[in-house]
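The values are calculated or read from the model by the stated rules, or taken from the named source; none is laboratory data. Given the structure is predicted, the values throughout are model-derived calculations rather than measurements. Cβ: placed from backbone, ideal geometry, glycine included. Neighbour counts: every protein chain shown.
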Amino acid sequence: MEIPAWHRYFPQLTEDQNHKLNQLPGLVLEWNQRINLISRKDEDRVAIHHVLHSLAPAKVLTFPKGSRVLDIGTGGGFPAIPLAILFPDVEWVAVDSIGKKINVVKDLAQQLQLNNLEAIHQRAEDVKGPFDFVVSRAVARMASLVQWTKPVLARNRKGDTPNGWVVLKGGDPDAGLKEELEEAGLPYKLFPVSMYFEEPYFDQKFVVYMTPTPFPSAS
């Protein structure tokens, strides 16, 4: 299994953060032998396809210290766990409707000593806020994700970054993906992951940053 050189993309990583990112793929594979967290064909690519991919939102914005972030439909803990490693001063809440997957996330967080991550077995519509940001990894159409979580999005922001949704999506930006994003009816910015990571897997992968109000004009 190929382990990326995390420092190449995130030179600010501490030794402890680098160690935890190195540990995570192996821990996921151990659990994947018991329950289906990731596709079997992805097992020797979990570090790139799941861990590194989950870190892409960090290339788009820095989650402010003290902010609270919701990961809807976290599955095996993506993107919440890698982001919780990268942002230890941010509170991460990982939610999934499948209890056995949440049990895995709890175990992974415990093994990695992530005291800033809470895993909750709950439906998206029942989550209690407020949260400064919502992250997700292609769980649902953007309009549905916004509908489920807009009520728990905090109105006041912690820093200069507008609160909103930071979502990993794939597809053709000039076809289906653009139509999906415009369906949500909110301002958004689209960032190709291939701008930040050189692995071919990230072609046609994007970070969507959507806000409930217009983005501030550049000065």
- Message: When the residues of segment 43-72 are narrowed to those that are in contact with a helix residue (DSSP H, G or I) (Cβ under 7 Å, 6 or more places away or on another chain) and over 22 Å from R8 (Cβ atoms), which ends up surrounded by the most Cβ atoms within 10 Å (Cβ to Cβ)?
- Response: D71
- Could you say whether any residue in segment 79-93 is surrounded by fewer than 24 Cβ atoms within 10 Å (Cβ to Cβ), assigned to a strand (DSSP E or B) and modelled with pLDDT under 95? no
- Message: Considering only segment 61-75, I want to know if a residue exists there that is hydrophobic (A, V, I, L, M, F, W, C), assigned to a helix (DSSP H, G or I) and in contact (Cβ under 8 Å) with a residue 60 or more places away in the chain.
- Response: no
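Name every residue in segment 110-132 that is part of a strand (DSSP E or B) and either in contact with a Lys or Arg (Cβ under 7 Å, 6 or more places away or on another chain) or acidic (D, E) (or both), in order of residue number.
E118, A119, F131
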- Item | Within segment 148-159, considering residues that are modelled with pLDDT of 95 or more and outside any helix (DSSP H, G or I), the one surrounded by the fewest Cβ atoms within 10 Å (Cβ to Cβ) | A154
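Being touching a Phe, Trp or Tyr at 6+ places or on another chain (Cβ under 7 Å), at pLDDT below 95, buried (at least 21 other Cβ atoms within 10 Å of the Cβ) and small (G, A, S) is the requirement here; does A124 meet it? Outline the logic, then answer.
Working: touching a Phe, Trp or Tyr at 6+ places or on another chain (Cβ under 7 Å): yes; at pLDDT below 95: yes; buried (at least 21 other Cβ atoms within 10 Å of the Cβ): yes; small (G, A, S): yes.
Yes.
If you check R157 against the conditions, is it touching a helix residue (DSSP H, G or I) at 6+ places or on another chain (Cβ under 9 Å) and touching a residue at least 40 places away in the same chain (Cβ under 8 Å)?
Working: touching a helix residue (DSSP H, G or I) at 6+ places or on another chain (Cβ under 9 Å): no; touching a residue at least 40 places away in the same chain (Cβ under 8 Å): yes.
Answer is no for this residue.
Yes/no matrix, rows are residues, columns are (1) modelled with pLDDT under 95; (2) surrounded by 15 or more Cβ atoms within 10 Å (Cβ to Cβ); (3) part of a strand (DSSP E or B):
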{"site": "L108", "(1), (2), (3)": "no, yes, no"}
{"site": "V134", "(1), (2), (3)": "no, yes, yes"}
{"site": "V146", "(1), (2), (3)": "no, yes, no"}
{"site": "T161", "(1), (2), (3)": "yes, yes, no"}
{"site": "V166", "(1), (2), (3)": "no, yes, yes"}
{"site": "D174", "(1), (2), (3)": "yes, no, no"}
{"site": "L186", "(1), (2), (3)": "no, yes, no"}
